[in-house]
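Take a look at the structure set out below.
The values are calculated or read from the model by the stated rules, or taken from the named source; none is laboratory data. Nothing here was measured: the structure is a model prediction, and the numbers come from that model. Cβ placement follows ideal geometry from the backbone for every residue including glycine, while neighbour counts extend to all protein chains displayed.
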Amino acid sequence: MPAAPVPCQYRTGKTLGSGTYAIVKEAIHIKTGKYYACKVINKKLMEGREHMVRNEIAVLKRISSGHKNIVTLHDYFETAHNLYLCFDLCTGGELFDRICAKGNYYEADAAQLVRTILQAVKYIHDSNIVHRDLKPENLLFRDPKEDADIMVADFGLSRIMEEEKLTMLTEICGTPGYMAPEIFQKTGHGKPVDIWAMGVITYFLLAGYTPFDRDTQQAEMEAIISGDFKFEPEEYWENVSATAKDFVKTCLTIDPKLRPTAKQALEHKWLASEEPHFVDKDGQPADLLPHVKKASNAKKLWRKATVSIKAMNRMQQLAGVNPDVATLQEDVKKYQLESEKNAHIMHHHNQSDDHEHGRGTGVDALSNALEKAKIAA
């Protein structure tokens, strides 16, 4: 932790993101005019948790500037009220948004992304660090250029692990859908949790949804612990090679001792073969983008429906018996049921196939009900 407060050398601008203890702002260094992403940590909110910041700084000092696909910590200091960590400003957006904005997207593109990220993970692991929060939202592009580097970001949950203590971490942390079984079981975890997360990320990059998505967090946790996932529905996976599926299965090995290291994962034929793996469609590699976008859009719609129903339940409680709210609530539930009946629900992932943007299904009706819900709120 820096010792003494110093005058601020930066001017902060727009907010880029926020968390429990910190916000990330765009910042310009007053003397040089260079732009950075500045994590502003509220000292009062962090009381008693200062070790978390110390740890993040220690991790970043060890790996910063060592790999082109890992964000660099350029500066850190404190003022009377805040701690500041200044990183590379990545302006190219999040991984999945970038994919969805493309005109087409092939299995070879997914393999190249996974290969690049895994090379960065190998560097992190070789530095005796475990990331513990690998997920698409923490994979950013350096700039908007077509050939921009993808960057591994957010080392807030990372830990330095000396070799003899590699399985000593027992706290539950991370993002539920990407967490390995041993984290939930508290049996001790280390570097293999990042390989599990890479398996989930790869599945997501190939299909547009995650393998353990369930109705509740409890069901999701049980699915993760038992390794209960499938490559379904078939139409979403018929364009994906058996080699890619094997790579996912290898990373999602329940026993962390049997899970490959980052080096071994990079040697898997899906990533190591000179010839790309793909499913042939009319003499061309199959385009994965239509199904990836469809799955992503369906998931967003169901999230909106869930939030709206919860909001209306709260409104109903606050308003007593409000006939308008009650009617609206019934409408949303009815449209959701209609959509479930008419649209193709994805296996047990609770994601719908919107069949030509919802024509002939309940999806349009559900969207209309959600718009009404916004107005009512």
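Overview of values
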quantity: Considering residues of segment 188-245 that are among the β-branched types (Val, Ile, Thr) and not in a loop (DSSP other than H, G, I, E, B) only, the residue nearest to the chain's Cα centre (by Cα); calculated: 201
quantity: Failed item in (1) closer than 15 Å to residue 201 by Cα; (2) at pLDDT below 95, with residue 106 passing the rest; calculated: (1)
quantity: Flag for residue 78 being free of Cβ contacts under 8 Å to residues at least 60 places away in the same chain and more than 28 Å from residue 210 (Cα to Cα); calculated: no
quantity: Candidates 165, 245 - the one that is at pLDDT 95 or above, charged (D, E, K, R) and not assigned by TED's automatic domain parsing to the domain that holds residue 66; calculated: 245
quantity: Given (1) modelled with pLDDT under 95; (2) closer than 30 Å to residue 278 by Cβ; (3) aromatic (Phe, Trp, Tyr), index of the condition residue 84 fails; calculated: (2)
quantity: Tabulated pairs, segment 28-50, first in the same structural domain as residue 77 (by TED's automatic domain parsing) and surrounded by fewer than 13 Cβ atoms within 10 Å (Cβ to Cβ), second of a type in the set (Ser, Thr, Tyr) and in a strand (DSSP E or B), C-beta under 9 angstrom, 6+ apart or interchain; calculated: 30/10
quantity: Boolean, residue 101 is small (Gly, Ala, Ser) and modelled with pLDDT of 95 or more; calculated: no
